[in-house]
Amino acid sequence: MRAISRLLALTVFAAMTLSVVSSSFAAEQKMGHMDFAKVFDEYNKTKDFDKQLEAKGSAKQGDRDKLVTEIKKLKDELDLAADKDKAKKQAAVEEKLKKLQEFDRDSREALRKERDDMARGIFKEIKDVVDEIGKKENYKYIIDSRMVLYGDASDDMTARVLKILNDKYATKGKK
């Protein structure tokens, strides 16, 4: 009987302590969430950079098409060449194919690097806006919505952060 009373008292004490701690924790903690990927994708600066990269990719594709045309011409010449000239023509075709492979590799690498650099800059801009809001408004945490299993819509900062970024970008003259 005595053990049951102690257990009951301990349970009541633990419940009261937990209640006080959880209510004070909730009162002190301000949390928000945002969809980072949506902010990144819908940020006008991201859209502008994507258009620039697409234009550069199209230009590279034009250069690649010229190389492919040269290779086809050399292959046609190889088919028509006399036996004594075939070795030279074959070497020229192989050289052009090697150039094409290098061009493809270098183009992909350059575009990937440019995209990565651009993304890093935009990630930093988004983080700076979120940090600014968090500090100004005393948020304890602002987390990515993809990590939230449940969140009140009033705590979603996605549209707000996106508006701040797009307004700043428009004001800076789309530099």
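The values are calculated or read from the model by the stated rules, or taken from the named source; none is laboratory data. This one's a predicted model, so the numbers in the text were calculated from it and none came from an experiment. With ideal geometry, Cβ positions are generated from the backbone for all residues, glycine too; neighbour counts draw on all protein chains shown. Heads up: the accessible areas ignore ligands, DNA and RNA and are worked out on the full protein's heavy atoms, side chains in. Shrake-Rupley method; radii C 1.70, N 1.55, O 1.52, S 1.80 Å.
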Two decimals, Cα atoms only, Kirkwood Rh: what is Rg/Rh over region 25-175?
1.31
Net charge contributed by nearby residues that have their C-beta within less than 9 Å of GLU77 (K/R +1, D/E -1):
0
Total formal charge among the other residues, if their Cβ is under 12 angstrom from that of LEU97, Lys/Arg +1 and Asp/Glu -1
0
Looking at this model, which pairs from LYS140/LYS168; LYS66/LYS89; LYS127/LYS172; LYS47/LYS72 are more than 28 angstrom apart at the alpha-carbon?
LYS47/LYS72
Using a 1.4 angstrom probe, figure out how much accessible area region 46-175 has per residue, in square angstrom, rounded to the nearest whole.
73 Å²
Convert each backbone phi in region 54-68 into a coupling constant with the Karplus relation 6.51 cos²θ - 1.76 cosθ + 1.60 (shift: θ = phi - 60°), then list the ³J(HN,Hα) values in order as whole Hz, x for Gly and Pro.
5, 5, 5, x, 5, 5, 5, 5, x, 5, 5, 4, 4, 4, 4
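What's the extension gain from LYS51 to LYS72 if we count 0.36 nm per residue and subtract their Cα-Cα distance? Let's see the in-between values first.
On the way: separation 21, 0.36 × 21 = 7.56 nm, distance 3.12 nm.
Taking 0.36 nm per residue and subtracting the Cα distance, the gain is 4.4 nm.
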Going residue by residue through region 76-85, the Karplus relation 6.51 cos²θ - 1.76 cosθ + 1.60 with θ = phi - 60° gives ³J(HN,Hα) values, rounded to whole Hz and with x marking Gly or Pro, of 5, 5, 4, 4, 8, 6, 5, 3, 5, 9
Check GLY32: other-chain or 5+ apart residues with amide H under 5 Å from its amide H, H built from backbone geometry?
TYR141, ILE142, ILE143
Apply the Karplus curve 6.51 cos²θ - 1.76 cosθ + 1.60, θ = phi - 60°, to the phi angles in region 116-131 and return the couplings in whole Hz, x for Gly and Pro.
4, 5, 4, 4, 4, x, 5, 4, 5, 4, 4, 4, 4, 5, 5, 4
